[in-house]
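Have a look at the structure below, then the notes.
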Amino acid sequence: MVTVVDRTRSAVRHPEKAARPDAPVLRKPDWIRVRAPGSPVWRETRDIVRAEGLVTVCEEAGCPNIGECWSKKHATFMIMGDTCTRACAFCNVRTGLPDPLDPAEPRKVADAVAALGLEHVVITSVDRDDLADGGANHMAGTIRAIRAAAPGTTIEVLTPDFLRKPGALETVVDARPDVFNHNLETVPSRYLSVRPGARYYHSIRLLDRVKLIDPTIFTKSGIMVGLGETRHEVLQLMDDLRSADVDFLTIGQYLQPTRKHHAVMEYVTPDAFKAYATIATAKGFLMVSASPLTRSSYHAGEDFARLRAAREARSGARSSADGGQSRARGGEAGRKAEALR
């Protein structure tokens, strides 16, 4: 009986997946298990979100970290509705034809950010392929509304790919978020089965263009593992992101929302995640977060502070190295001049 109810709900939420055969579900290892939410601060966060009638990706995507994050008043707001125009095989967000945009939503999000007293906020959205600008102006308006209501809050956006939406990226970058995040989600060989509506190299170019437009904005991207990728493919993806000068990489375990979603092919061990983090750091990322429960906005506030400190430390090291090289060149020139006299 329970199985019938679950399948019915899945069919309503994901009509494009209803006819798919059930995918096998692997038993979760001990390192994946988390506590159920329910602390007083969690309830306070939930009540503020409900009062403003807002949507969070924490709930819509079934994030396993919602108990921990909401207990710290950390919520990731999902704007432009709860219905996505894409049908990615991994995602639990509702799919279909979205409702029109709510023009009051930027103000509502800004009010919630102020009420929660957030130092750092993450704003994401569903894909809105139905809109001429992909929702870029709405996202930019939300950034500006937060700046007005909570000027001390730093802002991270997790954007769609704005595929075939000329000028959309520039609109969001012009609003000056502190962090621009766009997830690759998986390696290119898995796109057709995991993320069929997207294009891997378009996403790489998107991240590259952010840095070309405004080098001061931190860029970030994330992937899931356990979708059938190989280690070699993950390492190549790291190189692709570094070629676009991406600052921050997140790697987490894919978790299957329902039997109608893409199957978990493998539970990657904590030691394998540590190895990925070591390699990615060696490749030059300012920051790397890699663990089974890592998600794009997990610990985003703390990570932003560390990201900023890492940039300052690297800039200081470069300045010292440049100064040392200049002094060395000056000393060599002086010795040559003395020898000529």
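The residue that is modelled with the highest pLDDT, among those in region 63-92 that are aliphatic (A, V, I, L, M), open to solvent by less than 20 Å² (accessible area, probe 1.4 Å) and not in a loop (DSSP other than H, G, I, E, B), is Ile79. Can Lys220 be described as in a strand (DSSP E or B) and charged (D, E, K, R)? Criteria met by Lys220. Can you tell me how many residues within region 215-258 are in contact (Cβ under 8 Å) with a residue 40 or more places away in the chain and open to solvent by less than 20 Å² (accessible area, probe 1.4 Å)? The number of residues fulfilling the criteria is 23. Does Arg176 qualify as being farther than 27 Å from Lys260 by Cβ and either in contact (Cβ under 8 Å) with a residue 12 or more places away in the chain or of a type outside the set (S, T, N, Q) (or both)? When the stated conditions are applied, Arg176 passes them. Entry remark, region 93-110: residues being in a helix (DSSP H, G or I) and open to solvent by 60 Å² or more (accessible area, probe 1.4 Å) number 1 in total. Anything in region 266-287 that is small (Gly, Ala, Ser) and in a helix (DSSP H, G or I)? List them, or say none. Scanning region 266-287 gives Ala272, Ala275, Ala277, Ala280, Ala282. Residues in region 203-214 that are in contact (Cβ under 8 Å) with a residue 40 or more places away in the chain and open to solvent by 30 Å² or more (accessible area, probe 1.4 Å): Arg209, Ile213.
The one condition from (1) at pLDDT 95 or above; (2) in contact with a strand residue (DSSP E or B) (Cβ under 9 Å, 6 or more places away or on another chain); (3) not in a loop (DSSP other than H, G, I, E, B) that Arg128 does not meet is (3). Among the residues here, Ala280 does not qualify as open to solvent by 20 Å² or more (accessible area, probe 1.4 Å) and not β-branched (Val, Ile, Thr).
Within region 91-104, residues that are over 18 Å from His138 (Cα atoms) have Cβ atoms under 9 Å from residues that are among the polar types (S, T, N, Q) and open to solvent by less than 70 Å² (accessible area, probe 1.4 Å) in these pairs: Asn92/Thr258; Val93/Thr83; Arg94/Thr83; Thr95/Thr83; Thr95/Thr85; Gly96/Thr83; Gly96/Thr85, counting only partners at least 6 apart in sequence or on another chain. Glu156 passes every criterion in (1) crowded, with 22+ Cβ neighbours inside 10 Å; (2) charged (D, E, K, R); (3) without any contact (Cβ under 8 Å) to a residue 40 or more places away in the chain apart from (3).
Which numbered condition trips up Ala277, out of (1) at positive phi; (2) modelled with pLDDT of 95 or more; (3) not β-branched (Val, Ile, Thr)? Condition (1) is where Ala277 drops out.
The values are calculated or read from the model by the stated rules, or taken from the named source; none is laboratory data. Nothing here was measured: the structure is a model prediction, and the numbers come from that model. Here the Cβ is made from the backbone with ideal geometry for all residues, glycine too, and neighbour counts use every protein chain on show. To get the accessible areas, we keep the full protein, side chains included, count just its heavy atoms, and leave off ligands, DNA and RNA. Shrake-Rupley method; radii C 1.70, N 1.55, O 1.52, S 1.80 Å.
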